[in-house]
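Visitor: Okay, handing you the structure first.
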């Protein structure tokens, strides 16, 4: 799976700035750790919350991250809101950003505080769901909403003026 443009720069920059980077995904540990290792990012990630996977012989076994039935929006194996709330219960943050693209990212987007930023990927299910809720009299998302097409735009929003995009390559200003 090819990386989204700018994701390596985004993760590396956040880690260099001392941010906790928590990946909450419905994938599995074997896939996620392999992908991160291939792209040199595994040591930049603070926590991976996903389905446990392991090889037994030539078969890959995947166990659910959790077993939940309280959230009707999420699958039984992972409620990203529950995982996010559980993580944040033991951590205190001045800034919080949430990046996503899938339908399963809508639930945590509705739990973010007003001072957070949610980054829905343009043209993907999360973007569509947020647009729909924002068009209602009682929107479910309180956080600031900043749609994105590549991770360079996320970097520019989080660190205004620190990164300059040039011909799809981003370099840190000196």
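Each value in this text was obtained by applying a stated rule to the coordinates, not by laboratory testing. Computed from a predicted structure; not experimentally measured. Counting neighbours? That spans all protein chains shown, and the Cβs are built from the backbone with ideal geometry, glycine included.
Visitor: What is the fewest-to-most order of 30, 118 by other Cβ atoms lying within 10 Å of their Cβ?
Guide: Ascending Cβ contact count within 10 Å gives the list 30, 118.
Visitor: Cα gyration tensor of the chain, axes a ≥ b ≥ c as square roots of the eigenvalues: rounded (a/c below 1.5), prolate (a/b > b/c) or oblate?
Guide: oblate
Visitor: Hey, fewest Cβ within 10 Å first, where do 153, 69, 81 land in order?
Guide: Going from least to most buried by this count: 69, 153, 81.
Visitor: Once you place label points 7 Å from the Cα toward the Cβ at residue 146 and residue 23, how far apart are they in nm?
Guide: Inter-label distance under the simple model: 2.2 nm.
Visitor: Residue 76 to residue 33: extension gain in nm, 0.36 nm per residue of separation minus the Cα-Cα distance?
Guide: So the chain would gain 13.2 nm between residue 76 and residue 33.
Visitor: Now, a different point. Which of rounded, prolate, oblate describes the stretch 27-98, given a ≥ b ≥ c as roots of the alpha-carbon gyration tensor eigenvalues and a/c under 1.5 marking rounded, otherwise prolate only if a/b is larger than b/c?
Guide: Oblate shape, in that a/c is at least 1.5 and b/c is the bigger or equal ratio.
Visitor: Between the stretch 70-95 and the stretch 1-43, how far is it from one alpha carbon centroid to the other, in angstrom?
Guide: When both Cα centres are located, 19 Å separates them.
Visitor: Given Cα pairs under 8 Å that are at least 6 residues apart, what percent is the relative contact order of the stretch 53-174?
Guide: After rounding, I find 16 percent.
Visitor: At 7 Å along Cα-to-Cβ for each site, give me the label-to-label distance between residue 43 and residue 60 in nm.
Guide: According to this spin-label approximation, the distance is 2.6 nm.
Visitor: Then there's this: What percent antiparallel are the DSSP beta bridges of the chain, to the nearest 5?
Guide: Of those bridges, close to 45 percent are antiparallel.
Visitor: Pull out the extension gain between residue 67 and residue 124, defined as 0.36 nm times the separation in residues minus the alpha carbon to alpha carbon distance; nm, one decimal.
Guide: Extra length from residue 67 to residue 124 when fully extended: 17.9 nm.
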